[in-house]
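K.L.:
Can you read through this structure? Questions will come right after.
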């Protein structure tokens, strides 16, 4: 079993789900007393959130690259970033390490392709929805078209993430808002919806909507375990 390095803390609630999910996946795969071999470097999300909203992605690149280097030095054989938005820092991370970096959109893209879907909606922070780093990977690597909510809806999605979900707050009113936004994406041709923020699965599940949901947290964690267990 290979050792998985995790850059966590963004938020710690979703990072805890990664840890739980990976250990459950190893137990299913190997049985007995087996658990996942992992290293986690958890950053202070307050610093990250401040830099995000200041638009200081150079500082964030440096922070994520340094975290990846620490994990590699600690013995990690692959690095995961336990957040969707911070994959904007992928080039800086990949340039800093000599081990593989497993991109969260790779995990999502494979799952969507396996279902034969060609057009999906994307929910996440405004950074994730507006910028191309996620949408471009799904289109270029998997031929999957991505549509996003309108500007007003994006504000709602973003505010609920930062105002509630990253603090572990789950509100039924917010669930209903997300369900309405997903329904609008469906009306515009979305065959499924990517829950492109690691906290969104705390709020939305398959049974809440009419189209398949893709829980990027679980897909990413389980994909990493599958890689770690390969001969």
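K.L.:
Enumerate the whole-percent occupancy of each 5 Å bin, from 0 to the last occupied one, for all C-alpha pair distances of region 14-124.
P.N.:
In order of increasing distance, the bins hold 2, 10, 17, 20, 20, 16, 10, 4, 1, 0 percent.
K.L.:
So, one more: Multiply the residue separation of residue 159 and residue 230 by 0.36 nm, subtract the distance between their alpha-carbon atoms, and state the gained length in nm to one decimal.
P.N.:
Stretched fully, the residue 159-residue 230 segment lengthens by 21.6 nm.
K.L.:
Pop a pseudo-label 7 angstrom from the Cα along the beta-carbon direction at both residue 114 and residue 140 and give the gap in nm to one decimal.
P.N.:
2.4 nm
K.L.:
Percent of Cα-Cα pairs more than 31 Å apart in the chain, please.
P.N.:
The share of Cα pairs beyond 31 Å in the chain comes to 18 percent.
K.L.:
Report the Cα centroid-to-centroid distance between region 122-159 and region 14-75 in angstrom, as an integer.
P.N.:
Here the answer is 22 Å between Cα centres.
K.L.:
Taking 7 Å along the Cα-to-C-beta vector as the label spot, tell me the residue 206-residue 34 distance in nanometres, rounded to one decimal.
P.N.:
2.4 nm
K.L.:
Now for a separate question. Helix 104-114 versus the longest principal axis of the chain: what angle, 0 to 90°, nearest 10, using Cα atoms?
P.N.:
On a 0 to 90 degree scale, this one is about 60.
K.L.:
Quick one: if you stick a label point 7 Å off each Cα along the C-beta vector at residue 130 and residue 42, how many nm between them?
P.N.:
Result for the modelled spin labels: 3.0 nm.
K.L.:
Pull out the extension gain between residue 187 and residue 73, defined as 0.36 nm times the separation in residues minus the alpha carbon to alpha carbon distance; nm, one decimal.
P.N.:
Gain in length upon complete extension: 36.2 nm.
K.L.:
If I fit a long axis through the Cα atoms of helix 45-54 and take the longest principal axis of the Cα atoms of the chain, what angle between them do I get, 0 to 90°, rounded to 10?
P.N.:
So the helix axis and the longest Cα principal axis differ by about 50 degrees.
K.L.:
Right, another one. Return the inverse of the average 1/r over all pairs of distinct C-alpha atoms in region 117-231, which is the Kirkwood hydrodynamic radius, in Å to one decimal.
P.N.:
Computed over Cα pairs of region 117-231, the Kirkwood hydrodynamic radius comes out at 14.5 Å.
K.L.:
Over 18 Å apart: what share of the alpha carbon pairs of region 1-42 falls there, rounded to a whole percent?
P.N.:
26 percent
K.L.:
Helix-derived [θ] at 222 nm for the chain: sum -39500 (n - 2.57) over DSSP H runs of at least 4, divide by residue count, nearest 500?
P.N.:
My calculation for the chain gives -16500 deg cm²/dmol from helical runs alone.
K.L.:
Using Cα atoms only, what is the angle between the long axis of helix 151-163 and the major principal axis of the chain, expressed in degrees (0 to 90) to the nearest 10?
P.N.:
40 degrees
Here, each number is a calculation from the coordinates, and none is a lab measurement. Everything numeric here is computed off the predicted structure, so don't read it as measured data. Neighbour counts are summed over all protein chains in view; Cβ atoms, including those assigned to glycine, are modelled from backbone coordinates with ideal geometry.
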